[in-house]
Amino acid sequence: MTDAADVDHELRVSKIRNGTVIDHVAGGGALTVLAILGIDGSTGAVVSVGMNVPSDRLGRKDVVKVEDRELSQEEVDVISLIAPAATINIVREYDVVEKHRVERPGTVEGVLSCPNHSCITAAAEPVTSRFAVLDDGVRCVYCETIVREDLAAYIDV
Amino acid sequence: MDHDHVISTRELSRAAIERVLDRAAEIAADPGAVADRHADRVLGLCFFEPSTRTRMSFEAAIKRLGGDAIDMGGVDSSSVTKGESLADTVRVLSGYADALVLRHPSEGAARMASEFVSVPLINAGDGAGQHPSQTLLDLYSMREFAGGLDGLTVGIMGDLKYGRTVHSLAAALTEFDARQHFVSPESLRLPRGVRYDLHESGARVREHESLEGVLGELDVLYVTRIQRERFPDENEYRKVAGEYRIDAATLEDARAECVVLHPLPRVDEIAPDVDDTPHAAYFEQAHNGVPVRMALLDLLFDGANGGNGEQSPIGSAGGGRDR
């Protein structure tokens, strides 16, 4: 299916040479994706953002292009929690060499910290945080606390 | 390494619960039959928080099975004061004992500890998390005093937010055809995680701010303590705690068969005059801690011996985490 809006979008945000394009983020989600990636403007990373771009699939979508960086699986897993429809495009020398939809993992490990201060993962113990992914949030495998809102605030990568 | 841990009632199936309760009934009926059953076993007691009933009933249970207990002692006298991690502590102690019982102030402590041990581990309370062996004796008591678990209407009152016995009990009751009424002040309602599980299980639950209006429907009233430290000031605590206190006069509106349970210790949420009413069952409930914990240990040790080789008899199958 041709996505005319995507073509239109390409006119707005230029192609990148090397890096990652995170496409089909629900409209308004780009800032959270940037937060997940730890991009706040101070790191020097070259980043292009399209927000509320018309999209056949989502109505409105956001697009994030990060130059000279290929996302890790852990980062993609966390993005999947807030942008389940996202596609990840890895670009090398202007060509998309990998393109795949995010898949919500069964668990995410080491990327979120538990908001419960009494959780054992907040103590000085040799344990990595682990969350089970629910339909609409995540749950700490250790203390069973459920997190739904503001996941980006608990990202630890 | 194939064995069970008992960490959360969320992982206990109806069949597993009934296996423990049935075994407990057999043991209670003829304790002499198991007096030497685990003569070679040592149970390690690791309590990082105060405990009287849980610690002593586990100790009584292993001794009545012919085994023995070793006790870490208070935190003050252990190497924890030297800064040793919980992970290291339980890893070492699991080499001294055939099973460990752990109480710790942090939620999730037992789950984490189970990843570092080579023997079955029983969660005896992890902060405001879970207390599964208490639930087993609660269910045993309900079955004994209220005649069964299916068809029961259970009221659970008090500190539902931080009460680990409440969280464990609520999850376990979803395995049975029981109706649950939760009675608490707004600020101490069930936490989101427990609420989520109840919803997912399709359990029949309702929440109330007052016991009035629901008391007359209850087969069981499970009362828990509202703790002073949960409130910013003394006045607020007194006001709230007073509203969730029952006495003999309160129970005049209860069904004649309504059984009052409490995990103990009580402070003043159940007035002493309730003790003399036919509703009071909390002391017998506490006594049930020994046969129920004997049954739990018996099944865990049998599982550790190999059991049927396929299915774990109770709890969550462990064996250390891949790392």
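The values are calculated or read from the model by the stated rules, or taken from the named source; none is laboratory data. Treat the numbers as computed from the prediction; the structure is a model and nothing was measured. Here the Cβ is made from the backbone with ideal geometry for all residues, glycine too, and neighbour counts use every protein chain on show. These accessible areas exclude ligands, DNA and RNA; they are computed on the full protein's heavy atoms, side chains included. Shrake-Rupley method; radii C 1.70, N 1.55, O 1.52, S 1.80 Å.
Please give the residues from the stretch B:86-121 for which the solvent-accessible area of heavy atoms, probe 1.4 Å, is smaller by at least 50 Å² with all protein chains in place than with the chain isolated.
SASA drop of 50 Å² or more in the stretch B:86-121: B:GLU107, B:ARG111, B:MET112.
Need the per-residue list for the stretch A:132-146: every residue with at least 20 Å² less accessible surface in the complex of protein chains than in the chain by itself, probe 1.4 Å, sorted by number.
Buried on complex formation: A:LEU134, A:ARG139, A:VAL141, A:TYR142, A:CYS143, A:GLU144, A:ILE146.
Apply the Karplus curve 6.51 cos²θ - 1.76 cosθ + 1.60, θ = phi - 60°, to the phi angles in the stretch A:40-46 and return the couplings in whole Hz, x for Gly and Pro.
Rounded to whole hertz, the list is 10, x, 8, 8, x, 5, 8.
Ignoring ligands, DNA and RNA, please state the percent of accessible area on chain A from carbon and sulfur, probe 1.4 Å.
Answer for chain A: carbon and sulfur cover 47 percent of the accessible area.
So what is the accessible area of chain A per residue, in Å², with the probe set to 1.4 Å?
Counting only protein heavy atoms, the per-residue value for chain A is 49 Å².
Distance between Cα centroids, the stretch B:240-301 to the stretch B:124-183: provide it in whole Å.
Distance between centres, Cα-based: 12 Å.
Need the list of lysines near A:LYS99 for cross-linking: C-alpha distance under 18 angstrom, and skip anything on the same chain fewer than eight residues off.
Leaving aside lysines fewer than 8 places away in the same chain, those within reach of A:LYS99 are A:LYS15, A:LYS61, A:LYS65.
Comparing B:THR89, B:THR174, B:THR165, which has the greatest mean-square fluctuation in the GNM of chain B with Cα pairs linked when under 10 Å apart?
B:THR89
Taking a cut-off of 29 Å between Cα atoms, list the lysines near B:LYS63, but don't count ones fewer than 8 places away on the same chain.
Answer for B:LYS63, where 29 Å is the Cα cut-off: none of the lysines qualify.
When the helix-only estimate is applied to chain A (DSSP H runs of n ≥ 4, each -39,500 (n - 2.57), divided by the residue count), what is the mean residue ellipticity at 222 nm, nearest 500 deg cm²/dmol?
Counting only the DSSP helices, I get -4500 deg cm²/dmol.
Quick one: Karplus J couplings for the stretch B:106-116, per residue in order, coefficients 6.51, -1.76, 1.60, θ = phi - 60°, nearest Hz, x for Gly and Pro?
With coefficients 6.51, -1.76 and 1.60, one gets 8, 5, x, 4, 5, 4, 5, 4, 4, 7, 10 Hz.
Considering only protein heavy atoms and a 1.4 Å probe, what is the carbon-and-sulfur percentage of the accessible area of the stretch B:132-286?
Carbon-and-sulfur percentage of accessible area, whole number: 43.
Based solely on its DSSP helices, what 222 nm [θ] is calculated for chain B when runs of n ≥ 4 H residues each add -39,500 (n - 2.57) and the sum is averaged over all residues, nearest 500 deg cm²/dmol?
Helix contribution divided over all residues of chain B: -10000 deg cm²/dmol.
Taking a probe of 1.4 Å, how large is the accessible area per residue of chain B, in Å²?
Solvent-accessible surface per residue comes out at 41 Å².
Name the residues of the stretch A:98-123, by number, that are at least 30 Å² less accessible with every protein chain in place than in the isolated chain; the surface is that of heavy atoms, probe 1.4 Å, without ligands or nucleic acids.
Residues of the stretch A:98-123 that lose at least 30 Å² of accessible area once the other chains are added: A:SER118, A:ILE120.
Let me check I've understood the local charge: for A:ILE120, count other residues with C-beta under 10 angstrom from its C-beta, Lys and Arg +1, Asp and Glu -1. What total comes out?
-2
Please give the total accessible area that chains A and B bury against each other, computed with a 1.4 Å probe and expressed in Å² to the nearest 100.
So the total buried area for this chain pair works out to about 1700 Å².
Using θ = phi - 60° and the Karplus relation 6.51 cos²θ - 1.76 cosθ + 1.60, list the HN-Hα couplings for the stretch B:154-167 in order, rounded to whole Hz, with x at every Gly or Pro.
In residue order, the calculated couplings are 10, x, 10, 10, x, 8, 7, 6, 9, x, 5, 5, 5, 4 Hz.
Tell me which aspartates and glutamates have Cα within less than 20 Å of B:LYS82's Cα, excluding those fewer than 8 residues away on the same chain?
A:GLU125, B:GLU49, B:ASP71
Amide H of B:PHE47: which non-local residues (sequence gap of 5 or more, or other chain) have their own amide H closer than 5 Å, using H built in the peptide plane?
B:MET72, B:GLY73, B:ARG103
Provide the net charge surrounding A:ALA45, with neighbours chosen by a C-beta distance below 10 Å and charges set as Lys +1, Arg +1, Asp -1, Glu -1.
Spelling it out: positives minus negatives among the neighbours equals -2.
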